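Everything below concerns the one structure shown next.
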Amino acid sequence: MISLELIGHFSPQLLETNRVFSFINFASIGNFFDHTPDTIAYFCDGMLMSTFMSRVTGRTIDRVSFDFTSIADSVFGCAEKQGKRVYFVGARQDELDLFVKKIKLLYPALIITGHHNGYFDATQAARIQADICLSEANILIVGLGAGLQEQFVLDALQIGFSGVAFTCGGFIHQEAITKHHYYPELINRLNFRAFYRMYREPRTIKRYVLDYPTNFVLLLIMIVRHKLTINVSAP
């Protein structure tokens, strides 16, 4: 039986933990089925997933994403106020440079203790993880795509990273290619984020059109057959 730990809503208290927090929707949950580490806690990334999980568990499960429509500002704002050190991993080097410049403008007092692009092999990954530990980062933000990013942060914890880690999917890339924030305010208010992303990034269309319904059916079957247990944790 597979066990899934969900976090019902975000709280700044999570920044004080030594844990990995990731995000699932009806596309990325396929990677969860393939590799289910019991040391990762998940937020529901998307209205469909949060609504579904709320119905299944009988608990209120918020939609929580690592972007500026959700918790990114809270994480960076708290880190800035509390003097926490942040390390970023992800995107191409040119995108990462633009992203870091943007974050420094938005949060001038934020301590960015290091950053690395998302293109590296296993040997380089080990060196990056060692650098993360040496940097004494308190918050690790990793965007490598579902599956790879979770494994990367788990490996970082295993070799001694003592802070909190969040995966962030395409967040670094998205914020790098936009002057303001990736999702316009009206799009966010109307909950049209998925449609907007398909428009901005056509490569994601397959994810929404094919992966979402396929994984929804698979998830439903696993729940009905009691092959999946869902635990909702308080922050």
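Taking the chain as a Gaussian network, Cα atoms linked when under 10 Å apart, which of Asp67, Asp211, Asp94 shows the biggest mean-square fluctuation?
Among Asp67, Asp211, Asp94, the largest GNM mean-square fluctuation belongs to Asp94.
Using only the Cα atoms of segment 28-76, build the gyration tensor, take square roots of its eigenvalues as a ≥ b ≥ c, and label the shape rounded, prolate or oblate: rounded if a/c is under 1.5, else prolate if a/b is larger than b/c, else oblate.
On the way: a/c = 1.95, a/b = 1.19, b/c = 1.65.
Since a/c reaches 1.5 but b/c is at least a/b, the shape of segment 28-76 is classed as oblate.
Give me a comma-separated list of calculated 3J(HN,Hα) values for segment 122-133, in order, Karplus coefficients 6.51, -1.76, 1.60 applied at θ = phi - 60°, integers in Hz, x for any Gly or Pro.
4, 5, 5, 4, 4, 5, 5, 5, 5, 5, 4, 5
Search the structure for amide H atoms under 5 Å from the amide H of His116, placed 1.01 Å from N in the peptide plane, and list their residues when 5 or more places away or on another chain.
Phe88, Val89, Gly90
With θ set to phi - 60° and the Karplus curve 6.51 cos²θ - 1.76 cosθ + 1.60, what are the ³J(HN,Hα) couplings of segment 45-57 in order, to the nearest whole Hz, using x for Gly and Pro?
Going residue by residue, I get 9, x, 5, 4, 5, 5, 5, 4, 5, 5, 5, 5, 8 Hz, with x marking Gly and Pro.
Using only the alpha-carbon atoms, how far is helix 212-224 inclined from the longest principal axis of the chain? Give it as 0 to 90 degrees, nearest 10.
Taking Cα atoms only, the helix is inclined about 60 degrees.
Return the calculated 222 nm mean residue ellipticity for the chain, to the nearest 500 deg cm²/dmol, obtained by summing -39500 (n - 2.57) across DSSP H runs with n ≥ 4 and dividing by the residue count.
Details: 10 runs with 98 residues, N = 235.
About -12000 deg cm²/dmol.
Gap in Å between the Cα centre of segment 83-159 and the Cα centre of segment 169-194?
First find each Cα centre; the distance between them is then 21 Å.
On full extension of the chain, what length is gained from Met1 through Arg203, given 0.36 nm per residue of separation minus the C-alpha to C-alpha distance? Write down the numbers at each step before the final one.
Working: separation 202, 0.36 × 202 = 72.72 nm, distance 3.33 nm.
Extending this stretch completely gives an extra 69.4 nm.
Going by how many other beta carbons lie within 10 Å of each one, how would you line up His180, His116, His9, fewest first?
Values: His180 10, His116 21, His9 15.
Least to most surrounded, the residues fall as His180, His9, His116.
Give me the net charge of Gly46's neighbourhood, meaning all other residues with Cβ under 14 Å from the Cβ of Gly46; Lys, Arg count +1, Asp, Glu -1.
Values: positive: Arg63, Arg193, Arg197, Arg207; negative: Asp45, Asp62, Asp67, Asp211.
Charge balance in the 14 Å sphere: 0.
Within the chain, how many Lys pairs that are eight or more residues apart, or on different chains, come under 29 Å at the alpha-carbon?
Within the chain, the lysine pair count is 13.
FYI, it's all coordinate maths here, none of it is from the lab. This structure is a prediction, so every number in the text was calculated from the model and none was measured. Every residue, glycine as well, gets a Cβ built from its backbone with ideal geometry; the counts of neighbours run over all protein chains shown.
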